[in-house]
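Chemist: There's a structure below that I have some questions on.
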Amino acid sequence: MRVNAYAAPAAGQPLALTTIERRDVGPNDVLIEIEYAGICHSDIHTVNGDWGPQPFPVVPGHEIVGIVTEAGSAVTRHRVGDRVGVGCMVNSCGECANCQAGDEQYCVKGMVPTYAGTDRDGTTTQGGYSTHVVVDADYVLSVPESLDAAAAAPLLCAGITTYSPLKHWNAGPGKKVAVVGFGGLGHVGVKIAHALGAEVTVLSQSLRKKDDGLRLGADHYHATSDPKTFEDLKGTFDLILNTVSAPLDFAAFLSLLRTDGAMVNVGLPEEPVQIVLQSLFGNRRSVSSSSIGGIPETQEMLDFCAAHGLGAEIELIGASEINDAYERVLSSDVRYRFVIDTATI
Ligand code: NAP
Ligand code: ZN
């Protein structure tokens, strides 16, 4: 079927209305009428070519919430009328050790990203800035009824990308967690880390968003533009979750870790990042990174957010505002996730 979508025609070009083809619903597929699609900074990196050449035209969007309107004959997980979500991946081999362990994002054959990827049938995937999408039901999540559908959309990427490392590195009672960058990922990370019981500090470029940070679950909020922050907080944190989309002074941030502390980087700047070994070894510190999360853990995260009444703080926009929203994300002027009302596409 042909459906409306917003696509970037070429690298760095504004997104514009177009139509794209969605495949027929196969036995294990569902057709989803999309209600909401979040704007992730990864969408912007991709269409701006920060991460290399892309198969343009690209329809971004991997924070998708909608309603199942058709289900293939073999689908048992989802039924017509269910509210569902799709995150950053729509397929994987399903057979390798990582897929079997529920870490499909680390599929040894490579997971299929929701847009600008090659699906297993050879077609190029197109994302959620669209009215409909057809997805293999095994990669479709159930969105709990108690969650607000628009505020739940960003959980499909920002939620799982922060939940997964927070859980893996044991954020919880007695742990001091710093979240660097208070944007889309950062603000959801703060909410989740707080709900997990950790003592949460925001490290933002300025104190401009301090009131919001404290209201949304942070215990402390510091400006990284103030050199005193790095003096005062030296050796403090068990875990630093870095959500910043640009390179940082890594040595300075690593000095904030206590012995055995870890800095986990989920932000993906375009330039290669250099880490200085000497910043680590005096205190057995470690540096790591993390990519989204697997399907079972994404469902666990959605259920956790429902249990804790958590969603993103969103600004709902019409499709014609997408290009302006991109500009605002790039200037760190997002409060705190733009979500597209896809009925306007
Ligand atoms: P975002 O909403 O733009 O938030 C990023 C925040 O980083 C900004 O709000 C700002 O926070 C801070 N920041 C921006 N530029 C900075 C600079 N030059 N120096 C210091 N801080 C700066 O972006 P997002 O959607 O949360 O995504 C963040 C990053 O995560 C992107 O690189 C994205 O591609 C990546 N990502 C990774 C995964 C994964 O699986 N690992 C998944 C999704 C996204 P303050 O104003 O508070 O300083
Ligand atoms: Zn994303």
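Chemist: At a temperature of 25 °C and a viscosity of 0.890 mPa s, determine how fast segment 158-289 diffuses translationally according to Stokes-Einstein, using the Kirkwood radius over alpha-carbon pairs as Rh; express D in µm²/s, rounded to the nearest whole number.
Modeler: Estimated via Stokes-Einstein, D reaches 171 µm²/s.
Chemist: Name the residue, out of Asn265, Asn91, Asn283, whose mean-square fluctuation peaks in a Gaussian network model built on the chain with Cα pairs under 10 Å.
Modeler: Asn283
Chemist: Order Lys167, Lys228 by their accessible area, 1.4 angstrom probe, all chains in place, largest first.
Modeler: The most accessible residue leads, giving Lys228, Lys167.
Chemist: I'd like to know how segment 132-187 sits against the 2.2 N^0.38 Å rule of thumb: what's its Cα Rg over that expected value?
Modeler: 1.39
Chemist: Could you order His220, His308 by accessible surface area, starting with the largest, using a probe radius of 1.4 Å?
Modeler: His308, His220
Chemist: Mind scanning Lys109/Lys210; Lys209/Lys234; Lys109/Lys234 and naming the pairs with a C-alpha gap bigger than 32 Å?
Modeler: The pairs that break the limit, which is 32 Å between Cα atoms, are Lys109/Lys210; Lys109/Lys234.
Chemist: Which three numbers, in whole Å and largest first, are the semi-axes of the equivalent ellipsoid of the chain derived from its Cα gyration tensor as √(5λ)?
Modeler: Equivalent-ellipsoid dimensions as semi-axes: 33, 21, 19 Å.
Chemist: Here is a follow-up. For the chain, set up a GNM with springs between Cα atoms under 10 Å and report which of Gln105, Gln126, Gln278 has the largest fluctuation.
Modeler: Gln278
Chemist: At q = 0.30 Å⁻¹, what is the base-10 log of I(q)/I(0) for segment 263-313 according to the Debye formula with one equal point scatterer per Cα and no solvent? Please give it to two decimals.
Modeler: Log-scaled intensity ratios, in q order: -1.16.
Chemist: If you don't mind, there's one more thing I want to ask. Can you sort Met1, Met111 by 1.4 Å-probe accessible area, starting with the largest?
Modeler: Result, largest first: Met1, Met111.
Chemist: Still on this structure, I have one more. Please list, or write none, the aspartates and glutamates whose alpha carbon is within less than 13 Å of the alpha carbon of Lys175, excluding same-chain residues fewer than 8 places away.
Modeler: Glu199, Asp219, Asp238, Asp260
Chemist: Now for a separate question. For the chain, which longest stretch is free of loop sites, where a loop site is one of the GluC sites (Glu not before Pro) that DSSP puts outside H, G, I, E and B and that has at most 12 other Cβ atoms within 10 Å?
Modeler: It runs 146-345.
Chemist: Does anything in segment 162-190 have its amide N under 20 Å from the 7 Å Cα→Cβ label point of Asn283, and if so which residues?
Modeler: Correct set: 166, 169-181.
Chemist: For segment 143-235, how big is Rg over Rh, using alpha carbon atoms and the Kirkwood form of Rh?
Modeler: 0.99
Chemist: Let me ask something else. Given segment 67-217, report the % of alpha carbon pairs whose separation exceeds 29 Å.
Modeler: 28
Chemist: Additional query: Could you pull the accessible area for Trp51 with a 1.4 Å probe, rounded to 10 Å²?
Modeler: The value for Trp51 is about 100 Å².
The values are calculated or read from the model by the stated rules, or taken from the named source; none is laboratory data. None of the values given here were measured: they were computed from a predicted structure. All Cβ positions, glycine included, derive from the backbone under ideal geometry; neighbour counts span all protein chains shown. In case anyone asks, the SASA skips ligands and DNA or RNA and just uses the protein heavy atoms, side chains included. Shrake-Rupley method; radii C 1.70, N 1.55, O 1.52, S 1.80 Å.
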